[in-house]
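Colleague: Sharing a structure below in structure tokens format, with a few things to ask.
The values are calculated or read from the model by the stated rules, or taken from the named source; none is laboratory data. This structure is a prediction, so every number in the text was calculated from the model and none was measured. Here the Cβ positions follow ideal geometry from the backbone for every residue, glycine too, while neighbour counts run over all protein chains shown. Quick note on the areas: whole protein, heavy atoms, side chains included, nothing else; ligands and nucleic acids left out. Shrake-Rupley method; radii C 1.70, N 1.55, O 1.52, S 1.80 Å.
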Amino acid sequence: MSTANNQQLREQLIAAVVKKRAALARAHQIVVTLLEQQVDEQTFLSLLTQIGPENYADVVEERHINKLCGYPLCDVAVEKVPTKQYQICAIRNKVYDITERKKFCSGYCFKASEYIKSQVPTSPLWLRDTEKKPDFKLLPRENLKPAQ
Ligand SMILES: [Zn+2]
């Protein structure tokens with residue numbers, strides 16, 4: 001291989017690394033943005049195209065630590081978090097792990113958050129610009145069953 005080719009490859013490699021780092025830094029910045037109490041729907045949906053499921057999980061976790069409902073579109077404070085990890089349902093005679101559910105103010109927020117998380121793309125962040133942007137959907141409020 002000629003020196004010129006080597007040089008070109010090297011430049012391509014450096015450009016790829018720079019692009020990757022920028023995408024990761026951007027995702028981190030978005031996580032910080034989504035920790036804010038007030039995030040509107042449009043901003044929220046547009047930011048989702050630039051993060052991965054692990055970033056989304058970080059958002060939920062960080063909001064939970066800051067005593068905010070884990071769902072980024074909800075600004076309800078969750079002050080009283082149950083300390084138990086399991087909940088027993090006497091009617092269904094089942095034990096539920098509520099570790100994740102505890103991070104939300106309501107059954108709706110938990111479901112809405114899981115719904116969004118399932119739509120967050122798993123592809124590498126730095127290749128997202130070559131992909132078609134997903135059409136994210138929010139969980140409609142009327143899906144809420146009265147019991148929850
Ligand atoms: Zn909530």
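Colleague: Tell me, which longest segment in the chain has none of the trypsin sites (Lys or Arg not before Pro) that fall in DSSP loops with at most 10 further Cβ atoms within 10 Å?
Modeller: It works out to 1-79.
Colleague: Right, another one. What does the charge count near ASP75 come to, summing +1 for each Lys or Arg and -1 for each Asp or Glu among other residues with Cβ under 14 Å from its Cβ?
Modeller: -2
Colleague: A further question on this structure: Over segment 66-148, what is the relative contact order in whole percent, taking alpha-carbon pairs under 8 Å and six or more residues apart?
Modeller: Over segment 66-148, the number comes to 26 percent.
Colleague: How much length is gained on full extension from GLU100 to THR122, taking 0.36 nm per residue of separation minus their Cα-Cα distance?
Modeller: Length gained, GLU100 through THR122: 5.9 nm.
Colleague: At ARG92 and LEU9, where each label point lies 7 Å from the Cα along Cα→Cβ, what is the point-to-point distance in nanometres?
Modeller: In this crude spin-label approximation the distance works out to 5.6 nm.
Colleague: Out of the total accessible area of the chain (probe 1.4 Å, heavy atoms of protein only), what percent is carbon and sulfur?
Modeller: It is 55 percent, rounded to a whole number.
Colleague: Please list the three semi-axes, largest first and in whole Å, of the ellipsoid equivalent to segment 33-111, using sqrt of 5 times the eigenvalues of its alpha carbon gyration tensor.
Modeller: They are 26, 13, 11 Å, listed largest first.
Colleague: List the GluC sites (Glu not before Pro) within segment 56-148 that DSSP assigns to loop and that have no more than 11 neighbouring Cβ atoms inside 10 Å.
Modeller: GLU79, GLU131
Colleague: Related question: So what is the accessible area of segment 1-64 per residue, in Å², with the probe set to 1.4 Å?
Modeller: Heavy-atom accessible area per residue stands at 65 Å².
Colleague: Run the paramagnetic zone check for LYS133: 7 angstrom along Cα to Cβ, then residues of segment 49-75 with backbone nitrogen under 18 Å.
Modeller: It comes to 49-52, nothing else.
Colleague: Less than 13 Å Cβ to Cβ from THR33, Lys/Arg counted +1 and Asp/Glu -1: what total charge do the surrounding residues give?
Modeller: For residues surrounding THR33, the net value is -2.
Colleague: Go through CYS109, CYS74, LEU35 and say which Cα lies farthest out towards the positive end of the charge dipole of segment 9-148; charges sit on Cβ, +1 for Lys and Arg, -1 for Asp and Glu.
Modeller: Positive-end residue among those listed: CYS109.
Colleague: Follow-up question, since we're still on this one. Quickly estimate the mean residue ellipticity at 222 nm for the chain, helices only: each DSSP H run with n ≥ 4 gives -39500 (n - 2.57), and the total goes over all residues, rounded to 500.
Modeller: So the calculated ellipticity at 222 nm is -14000 deg cm²/dmol.
Colleague: Moving on. Can you tell me the orientation of helix 53-65 relative to the chain, as the angle in degrees between its alpha-carbon axis and the longest Cα principal axis, to the nearest 10?
Modeller: 50
Colleague: Moving on to the next point. Determine the gain in length on full extension of the stretch SER2-GLU62; use 0.36 nm per residue of separation and subtract their C-alpha separation, reporting nm with one decimal.
Modeller: That works out to 16.5 nm of additional length.
Colleague: Expressed as a rounded percentage, what relative contact order does segment 2-143 have, with Cα pairs under 8 Å and six or more residues apart?
Modeller: The value is 25 percent.
Colleague: Continuing with the same structure: Calculate how steeply helix 107-117 sits against the longest principal axis of the alpha-carbon atoms of the chain, using the helix alpha-carbon long axis, and give the answer as 0 to 90 degrees to the nearest 10.
Modeller: 20
Colleague: Local charge sum around GLN85 (other residues, Cβ-Cβ under 14 Å, Lys/Arg +1, Asp/Glu -1)?
Modeller: Summing Lys/Arg as +1 and Asp/Glu as -1 gives +2.
Colleague: Further, regarding this structure: Assigning unit charges at the beta carbon (Lys, Arg +1; Asp, Glu -1) and nothing else, what dipole magnitude in debye, to the nearest 20, does the chain show about its Cα centre?
Modeller: Dipole magnitude for the chain comes out near 400 debye.
Colleague: Report, as a whole number in µm² per second, the diffusion coefficient that Stokes-Einstein gives for segment 73-130 at 20 °C and 1.002 mPa s using the Kirkwood radius over alpha carbon pairs.
Modeller: Rounded to a whole number, D works out at 153 µm²/s.
Colleague: Mind jotting down a quarter of the surface of the convex hull over the alpha carbons of segment 2-143, in square nanometres, one decimal?
Modeller: The Cα convex hull of segment 2-143, projected and averaged over all directions, gives 11.5 nm².
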